[in-house]
Amino acid sequence: MSRKHLEEVGVRVPMLPTTTVGSFPKPPELLAARAKARRGELSQKALDEQARAATAFWITKQEEIGIDILVDGEQYRGDMVAYFAEHFKGFKEGGLVRSYGNRYYHKPIIVSEVRWPGPITVEWWKYAQGLTSKPVKGMLTGPYTIMDWSFNEHYPNRRAVAMAIARELRKEVEALIKAGCKVIQIDEPALSVRPEELQVAIDSMRAVTEGLPAYFLTHVCYGAFEFIYPNMLKMPVENFDLEMSNSELDLLKLFSKAPFTKDISFGVFDVHTHKVDAPEVIKRRIKKALDFIKPEQIWVDPDCGLKTRTVQEAVDQLTSMQAAVNEVRKSL
Ligand SMILES: [Zn+2]
């Protein structure tokens, strides 16, 4: 079903298409440039130039490795929520807080009505897509997660915040589609944190995607899926991108209770380790996935974004992943 829809929007991929979750490590020279820009020693224009060079590097690398559905690598952004909060009207920067292990970010504060300022990611997407004939995913952060990772001083409740962000985020999605983007990932890493708010996440995602001609995915980090599965399948996206491997694939047990009805971007290696899993190890995980899910539903990718790896680690891990997929494809 979803594969058919992919073809309808104009995307043809082989069985077990490979992709990545979104972020790639920034090369050392770009990190240095970002630090300089923060100190006011480098212009935004010069920084963007460096980010474009790093984007081109990653597009080339993904093509060399043989990845099917590419990403721009998010070389131009820092934190996934702060980035959108900096661009949308209605937010102001808050103090530095710690969340999710070692993640520090300036928790944004919503102080007035949230408004889309005009295209945020579209020029970056166009640039990346212009470098390759393979599809490049549009990459956004979902309304529920932007709400959950911000302070609210304006709206009456959390649902109202999520719905307001959704209404404005939809305009970014429409702009991406207008630019030619066909595969759009709207990340909701916060989805599994508060099971009682699942409906808010579903309703706000619906407000973003409903009726729009693209293939939608969402990435959700590992969490308390036992409380939201199978209800989370009501999320109005066609593909769930899930961290499967850092839990030794224990989510598969849930899928044996209620079948997984969507496409899945199946995380085949843990991204929080320097270790590169051999193709054999990754092959075993893909085969395990095939015991529970039909091959035409499965995409293959890392568990999460790769931005905490070194450039070489990320390249080695993806090379191993692609080798594993190539092998498994032969046996299908
Ligand atoms: Zn994740």
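The values are calculated or read from the model by the stated rules, or taken from the named source; none is laboratory data. Since we're looking at a predicted model, the values are computed, not measured. Neighbour counts run over all protein chains shown; Cβ positions are idealised from the backbone, glycine included. Remember, those area values only see protein heavy atoms, side chains included, never the ligands or the DNA or RNA. Shrake-Rupley method; radii C 1.70, N 1.55, O 1.52, S 1.80 Å.
So for E174, E168, what's the accessible-area order with a 1.4 Å probe, most first?
E174, E168
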Fill in the blank from the handout: With +1 at each Lys and Arg Cβ and -1 at each Asp and Glu Cβ, the charge dipole magnitude of the chain around its Cα centre, to the nearest 20 debye, comes out at 200 debye
Problem - In region 1-109, lysine pairs closer than 17 Å at Cα, eight or more apart or cross-chain - result: 5
Exercise for the section: Report the relative contact order of region 176-329, percent, no decimals, based on alpha-carbon pairs under 8 angstrom and at least 6 residues apart. Expected result: 20 percent
Exercise for the section: Can you tell me how much longer the chain between Q199 and R284 gets when fully stretched, taken as 0.36 nm per residue apart minus their C-alpha distance, in nm with one decimal? Expected result: 27.1 nm
Handout entry: Accessible-area order (highest first, 1.4 angstrom probe) of the listed residues Y155, Y127
Key = Y127, Y155
Exercise for the section: Go ahead and set up a Gaussian network model of the chain, Cα springs under 10 Å, then flag whichever of Y83, Y104, Y229 fluctuates most. Expected result: Y104
Practice task
Leaving ligands, DNA and RNA out of it, work out the accessible area of D203 with a 1.4 Å probe and give it in Å² to the nearest 10.
Solution key: 30 Å²
Practice task
Let me have the relative contact order for the chain, percent, based on Cα pairs under 8 Å that are six or more residues apart.
Solution key: 20 percent
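Between Q312 and E41, what FRET efficiency comes out of the Förster formula 1/(1 + (r/R0)^6) with R0 = 30 Å and r the beta carbon distance, rounded to 0.05?
Rounded to the nearest 0.05, the efficiency is 0.60.
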Practice task
Count the net charge of all other residues whose Cβ sits under 10 Å from the Cβ of A314, scoring Lys and Arg as +1 and Asp and Glu as -1.
Solution key: +1
Exercise for the section: Determine how large the accessible area of E8 is when every protein chain is in place; take a 1.4 Å probe and give Å² rounded to the nearest 10. Expected result: 120 Å²
Practice task
Find the relative contact order for region 90-234 and round it to a whole percent, using C-alpha pairs within less than 8 Å whose residues are 6+ positions apart.
Solution key: 23 percent
Exercise for the section: Using only the alpha carbons of region 111-180, determine the length spanned along each of the three principal axes and report them from longest to shortest in whole angstroms. Expected result: 45, 18, 14
Practice task
Report, in whole Å, the centroid distance computed from the Cα atoms of region 39-66 and region 209-279.
Solution key: 29 Å
Handout entry: Accessible surface, 1.4 Å probe, highest first, among residues H87, H272, H219, H5
Key = H272, H87, H5, H219
Problem - Point-charge dipole on Cβ atoms (K/R +1, D/E -1) for region 37-139, about Cα centre, debye to 20 - result: 340 debye
Handout entry: Magnitude of the charge dipole, region 1-92, Cβ model with Lys/Arg +1 and Asp/Glu -1, debye to 20
Key = 380 debye
Handout entry: Per residue value of the accessible surface for the chain (all protein chains in place, 1.4 Å probe), Å²
Key = 42 Å²
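Provide the packing ranking of 14-21, 208-215, i.e. peptides ordered by the mean count of other C-beta atoms within 10 Å per residue, highest first.
Working: 14-21: 21.2, 208-215: 16.1.
Ranked by mean Cβ neighbours within 10 Å, highest first: 14-21, 208-215.
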Handout entry: Apportionment of accessible area to carbon and sulfur, the chain, percent (1.4 Å)
Key = 53 percent
Exercise for the section: Before rounding to the nearest 500, sum -39500 (n - 2.57) across all DSSP H runs of length at least 4 in the chain and divide by the residue total; then give [θ] at 222 nm in deg cm²/dmol. Expected result: -13000 deg cm²/dmol
Handout entry: Compactness of the chain, expressed as Rg and Dmax over alpha-carbon positions, Å
Key = 18.9, 57
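Can you pull the Kirkwood radius for region 1-148, inverse mean 1/r over Cα pairs, to one decimal in Å?
About 17.1 Å for region 1-148.
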Practice task
Work out the charge dipole of the chain with +1 on the Cβ of Lys and Arg and -1 on the Cβ of Asp and Glu about the Cα centre, then indicate which of I120, V71, P295 is farthest towards its positive end.
Solution key: I120
Completion exercise
FRET efficiency (L96, E226; Cβ distance; R0 22 Å; to 0.05) is 0.10
